Amino acid sequence: MVSFSSSSTPSFTVPTKTSPGTASVSFPRASESRKRGARMATVRAEAVDATISPRVSALRPSKTMAITDQATALRQAGVPVIGLAAGEPDFDTPTVIAEAGMNAIRDGATRYTPNAGTLELRKAICKKLQEENGLSYTPDQVLVSNGAKQCITQAVLAVCSPGDEVLIPAPYWVSYPEMARLAGATPVILPTSISDNYLLRPESLASVINENSRILILCSPSNPTGSVYPKELLEEIAAIVRKYPRLLVLSDEIYEHIIYQPAKHTSFASLPGMWERTLTVNGFSKAFAMTGWRLGYLAAPKHFVSACGKIQSQYTSGASSISQKAGLAALNLGYAGGEAVSTMVKAFQERRDYLVRSFGELSGVKISEPQGAFYLFIDFSSYYGSEVEGFGTIKDSESLCMFLLEKAQVALVPGDAFGDDKGVRISYAAAMSTLETAMGKIKEAMALLRPPVAV
């Protein structure tokens with residue numbers, strides 16, 4: 001039965017099955033339970049050590065992801081924000097690749113694969129590297145992972161020790177310094193100049209190398225600038241690297257196929273004497289519009305690949321079996337991705353040309369025309385110091401991006417996230433109509449500013 005006391009909260013008396021008559025089990029009132037629960041929660045909270053690892057605490061969250069999430073939240077709230085922050089092709093995965101993934105599911109290819117990736121995919125990667133890059137690898141010198149980002153992280157963890165230095169030209173991809181810190185290494189930033197098309201000068205590299213230098217990271221075509229290292233410049237860099245036996249090179253070539261004539265891609269490992277010390281990273285996300293499939297690979301001498309594989313075996317194990325079947329189909333599209341990729345590259349180039357012309361019409365803006373990838377890194381620093389009524393002062397790249405988000409409703413990424421506060425990164429992985437609308441809004445907003453610095 002249920003009996004009620006004079007309190008508004010009922011106290012339950014439940015007859016027992018084993019005892020006759022009035023035997024019962026009493027439960028405390030709900031209010032008393034809540035008080036007791038609160039006291040116990042307080043005790044538990046005080047007893048928990050919430051300390052986070054210093055290495056993790058030192059990591060900075062990705063600003064590109066943060067801005068993309070903010071733009072998404074605004075759109076969900078009804079604000080028509082145009083997002084040009086994320087580094088993701090707006091095209092669908094080519095049909096033949098998607099079909100290969102769906103067929104993998106239908107055919108039951110849904111189980112674990114070898115940690116390093118399926119043999120058929122690693123053989124196909126070796127063939128691609130030989131035919132397109134002039135690089136000779138065997139399947140045991142290739143490691144397939146859950147995206148190129150995992151490949152780079154594992155490579156840095158595998159070869160760096162506390163006290164080592166990772167040399168990173170700026171502007172850089174936001175994750176490089178954080179990967180170094182996660183490994184206990186120190187990121188050493190090498191500034192570049194827009195007058196040099198954001199390419200690393202050999203003398204700048206030579207000036208910072210010491211006995212602690214462990215990895216030089218090169219990204220060509222570059223995120224965030226779209227710059228492409230010509231072979232002659234890479235040869236000059238290789239001549240310096242060759243003098244330091246301990247210095248390795250991590251060559252991030254994820255944008256390899258998104259390149260605009262007359263620029264040409266050169267794999268660093270193809271240069272004389274560089275194969276033995278180069279860790280080449282590539283993948284499927286950008287060229288094949290497969291960002292959500294999470295598939296990348298590392299090619300390097302076997303002892304480096306084995307070390308990275310050891311980390312992966314205890315971290316994530318192998319990449320998705322379904323994605324690997326799709327990746328195999330991607331590599332079978334033909335040289336450099338065939339027509340499917342060339343069609344996307346043509347569209348990217350048209351968008352690049354439109355934005356370069358349009359931003360060139362703005363006073364005080366400096367542009368280095370990208371030769372690859374799908375980003376513009378534009379120098380807006382002449383506008384820093386401008387006062388905007390109802391907003392305040394444009395102090396830096398972050399405040400400029402906040403101004404454009406508020407006034408133009410366009411989401412861009414501030415250059416300080418890439419190690420160069422003078423610039424702002426704009427992704428043109430969006431439809432031309434979207435870029436045209438965004439450009440109109442940006443011009444209207446920038447008209448409210450006047451460059452306080454002579455250009």
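The values are calculated or read from the model by the stated rules, or taken from the named source; none is laboratory data. Quantities reported herein were computed from a predicted structural model and do not represent experimental measurements. Positions of Cβ are generated from backbone atoms using ideal geometry, with glycine treated the same way; all protein chains shown enter the neighbour counts. Remember, those area values only see protein heavy atoms, side chains included, never the ligands or the DNA or RNA. Shrake-Rupley method; radii C 1.70, N 1.55, O 1.52, S 1.80 Å.
Normalising the average separation of contacting C-alpha pairs (under 8 angstrom, six or more residues apart) by the number of residues puts the relative contact order of the stretch 285-382 at 18 percent. Using heavy atoms of the protein chains and a probe of 1.4 Å, the accessible area assigned to Tyr244 is about 80 Å².
Distances between every pair of Cα atoms in the stretch 287-363, grouped in 10 Å steps from 0 to the bin holding the largest one, split as 15, 30, 27, 18, 10, 1 percent. For the chain, the share of DSSP beta bridges that are antiparallel, to the nearest 5, is 55%. Only helical runs count toward this figure. For the chain, summing -39,500 (n - 2.57) over DSSP H runs of n ≥ 4 and dividing by all residues gives -12000 deg cm²/dmol at 222 nm. Listed options for Kirkwood radius over Cα pairs in Å are (i) 22.1; (ii) 24.2; (iii) 24.8. The value calculated from this structure is the one marked (iii). Averaging the sequence gap over all C-alpha pairs within less than 8 Å and six or more residues apart, then dividing by the number of residues, gives the stretch 183-251 a relative contact order of 35 percent. Per-residue packing, averaged as other Cβ atoms within 10 Å, sorts the ranges 106-115, 333-342, 405-414 into the order 405-414, 333-342, 106-115, beginning with the highest. Share of the chain's accessible area from carbon and sulfur, percent, 1.4 Å? Carbon and sulfur atoms account for 54 percent of the accessible area of the chain. About the centre of its Cα atoms, the chain shows a dipole size close to 1660 debye [charges on the beta carbon of Lys, Arg (+1) and Asp, Glu (-1) only; nearest 20 debye]. Computed about the Cα centre, the dipole magnitude for the stretch 281-379 is approximately 420 debye when only Lys and Arg (+1) and Asp and Glu (-1) carry charge, each at its Cβ. Candidates Ile254, Ala104, Ala180 compared by Cα position along the dipole of the chain: farthest toward the positive end lies Ala104, with charges placed on Cβ. Evaluated with a Cβ-only charge set (Lys, Arg +1; Asp, Glu -1), the stretch 140-273 carries a dipole of roughly 60 debye about its Cα centre, given to the nearest 20. Taking a ≥ b ≥ c as the square roots of the Cα gyration tensor eigenvalues, with a/c under 1.5 meaning rounded and otherwise prolate when a/b beats b/c, else oblate, which class fits the stretch 230-334? Note, shape of the stretch 230-334 comes out oblate.
Give me the accessible area per residue for the stretch 92-168, probe 1.4 Å, as a whole number in Å².
With all protein chains present, the stretch 92-168 gives 45 Å² per residue.
For the listed residue pairs Lys63/Lys422; Lys243/Lys302; Lys231/Lys346; Lys128/Lys310; Lys407/Lys441; Lys128/Lys286, the alpha carbons are over 18 angstrom apart in Lys243/Lys302; Lys231/Lys346; Lys128/Lys310.
Using a cutoff of 8 angstrom between alpha carbon atoms and counting only pairs six or more residues apart, the relative contact order for the chain works out to 19 percent.
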